[in-house]
Amino acid sequence: MTRAYSNISDILPRRAKINDVSLPYRSGSLYILIVATVLTALLCAVAVIASEPFVVPTVGPTIFIIVAFPLSDQAHPRNILYATAATIVAGIIGLALFGLIDVPPDLTDLTWTRSGALIVAVALGIAGIILLRALHVPAVATAMIIAAGLLKDPRDWLAVFVGVLVVTVAGFAINRACGKPQAVWWRPQPPGQ
């Protein structure tokens, strides 16, 4: 049986206690710099070889979270992938509702129609993250990127997810190979937390 939540703060992570396993593991600065650079280079190489837009602005913060805070809820592979999928769908819905699927982006002269698509995309993206209990904040920007019309082709929307999948799997593998702790899939919050 699921617990009813009275507000959003009930499902967001609480401040970790000292010695609590949910406390983010803080990697060394040099480790973060090297591994984040390697993950970015890997994703860029895959994007160039495949000629796909795997590299989007939301992937940078995702890489940082995976490397710097591998035990945080935002670094759990489940949360990263579910939140990304939810926000991609939210961006597409925002475009579709306002008839902007085939309209080129023009953010220098923002219209009310484009604004509506962006607002709906962000709202639906956040709602999806809450409903799925998949906290990963950088994913919300994905909804905005798509609703802004910066990625128009359905193949590009899938490529965003594939790019996030690549860094999630590679980041997990590198962290584990280097002895850094990280949730394998997901560690749900205990009831009452």
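The values are calculated or read from the model by the stated rules, or taken from the named source; none is laboratory data. Nothing here was measured: the structure is a model prediction, and the numbers come from that model. So basically every Cβ, Gly included, is an ideal-geometry build from the backbone, and we count neighbours across all protein chains shown.
State all residues of the stretch 145-162 that are more than 13 Å from the chain's Cα centre (by Cα), touching a residue at least 40 places away in the same chain (Cβ under 8 Å) and over 17 Å from A117 (Cβ atoms); if no residue qualifies, say none.
Once the filter is applied, which keeps residues that are more than 13 Å from the chain's Cα centre (by Cα), touching a residue at least 40 places away in the same chain (Cβ under 8 Å) and over 17 Å from A117 (Cβ atoms), the stretch 145-162 yields R155, A159.
Give G125, G94, G99, G60 a once-over and let me know the one that is surrounded by fewer than 19 Cβ atoms within 10 Å (Cβ to Cβ) and either aromatic (F, W, Y) or over 22 Å from T37 (Cβ atoms) (or both). Outline the logic, then answer.
Numbers: G125 fails: surrounded by fewer than 19 Cβ atoms within 10 Å (Cβ to Cβ); G94 fails: surrounded by fewer than 19 Cβ atoms within 10 Å (Cβ to Cβ); G60 fails: either aromatic (F, W, Y) or over 22 Å from T37 (Cβ atoms) (or both).
Within the list G125, G94, G99, G60, the selection yields G99.
In the stretch 125-148, how many are part of a helix (DSSP H, G or I), farther than 19 Å from V103 by Cβ and among the aliphatic types (A, V, I, L, M)?
Residues flagged as part of a helix (DSSP H, G or I), farther than 19 Å from V103 by Cβ and among the aliphatic types (A, V, I, L, M) within the stretch 125-148 amount to 9.
Within the set of pairs 6 or more residues apart or between chains, which connect a residue that is within 10 Å of N79 (Cβ to Cβ) and surrounded by fewer than 13 Cβ atoms within 10 Å (Cβ to Cβ) inside the stretch 176-187 to a residue that is at pLDDT below 85 and not polar (S, T, N, Q) with Cβ atoms less than 7 Å apart?
Once the first residue is within 10 Å of N79 (Cβ to Cβ) and surrounded by fewer than 13 Cβ atoms within 10 Å (Cβ to Cβ) and sits in the stretch 176-187, no partner that is at pLDDT below 85 and not polar (S, T, N, Q) comes close enough.
Pick out the one residue from S115, S29 that is closer than 25 Å to I146 by Cα and either modelled with pLDDT of 90 or more or surrounded by fewer than 19 Cβ atoms within 10 Å (Cβ to Cβ) (or both). Don't jump to the end; show me each part of the working.
Working: S29 fails: closer than 25 Å to I146 by Cα.
On inspection, the qualifying residue turns out to be S115.
Could you say which residue among G163, G171 is closer than 20 Å to P61 by Cα, in contact with a Phe, Trp or Tyr (Cβ under 8 Å, 6 or more places away or on another chain) and crowded, with 16+ Cβ neighbours inside 10 Å?
Working: G171 fails: in contact with a Phe, Trp or Tyr (Cβ under 8 Å, 6 or more places away or on another chain).
Result: G163 is the single residue among G163, G171 that is closer than 20 Å to P61 by Cα, in contact with a Phe, Trp or Tyr (Cβ under 8 Å, 6 or more places away or on another chain) and crowded, with 16+ Cβ neighbours inside 10 Å.
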